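Scroll down for the structure; my scribbles are underneath it.
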């Protein structure tokens with residue numbers, strides 16, 4: 001997750017990296033400071049699998065930071081075993097969607113007060129295969145399918161962005177989601193490519209030709225964050241650098257609103273959000 005506190009042409013604004021592993025976060029911040037000579041790059045602890053951690057992080061940002069111009073929600077868990085978050089949510093839905101949902105809502109007033117701010121939510125092409133199951137979101141009543149759970153969480157990201165954009169109408173804050181491409185990171189450590197000797201030795205060389213370095217994979221998020229031509233563009237889905245229609249199920253406004261209400265209740269925002277909610281889709 002990244003926060004930018006000042007969007008200027010020279011890109012030397014204040015940057016906050018928020019990670020659950022503070023040692024790795026500090027190392028990344030130090031490297032960025034060295035490469036860019038921007039000394040305003042800080043590391044903060046944030047565990048998106050903990051509502052307590054999210055609230056503590058957001059409270060400090062709201063109290064200590066003058067402004068938040070850009071919020072990039074990038075953290076993800078992919079095809080992990082059937083783990084649960086600290087609050088009992090299925091891990092992939094909890095981290096990939098619910099954690100970002102709560103964090104964004106807690107920072108919304110700061111984003112609005114900062115002017116033409118932008119929220120960028122990193123989804124995945126996998127949302128195309130996603131299906132939201134509001135009856136059994138934590139996979140307690142059926143055999144766990146890690147791939148399906150991942151696709152469900154990434155569909156939720158696109159729908160959340162769509163509804164967030166609708167609720168931000170009339171403000172200068174925009175919200176968009178994107179598929180960044182496949183990056184060479186530890187995200188896929190739970191997939192068969194990493195666990196299977198055959199996949200690693202036979203298919204691996206062909207697979208690695210198709211993936212990007214983390215630096216290249218980050219470029220679409222940076223583009224959405226700073227591109228002048230995207231000023232005022234909101235509620236859209238981008239496949240890398242190009243705006244594209246998401247899957248049909250990701251364009252369902254009724255489902256997006258239902259997801260918002262469901263998410264708000266789970267993370268404890270139901271009372272506050274009832275005051276902020278726009279009119280139901282289709283109402284006059």
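Each reported figure results from applying straightforward, stated rules to the coordinates on display, with no laboratory input. This structure is a prediction, so every number in the text was calculated from the model and none was measured. For neighbour counting, all protein chains shown are included, and Cβ atoms are generated from backbone atoms with ideal geometry for every residue, glycine included.
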Fill in the blank from the handout: Computed from the beta carbon distance with a Förster radius of 41 Å, FRET efficiency for residue 223 and residue 134 to the nearest 0.05 stands at 0.75
Problem - Convex hull volume per residue for segment 49-194, taking Cα atoms only, in Å³ - result: 115 Å³
Practice task
Could you work out the relative contact order of segment 1-120, using alpha carbon pairs under 8 angstrom and six or more residues apart, expressed as a whole percent?
Solution key: 27 percent
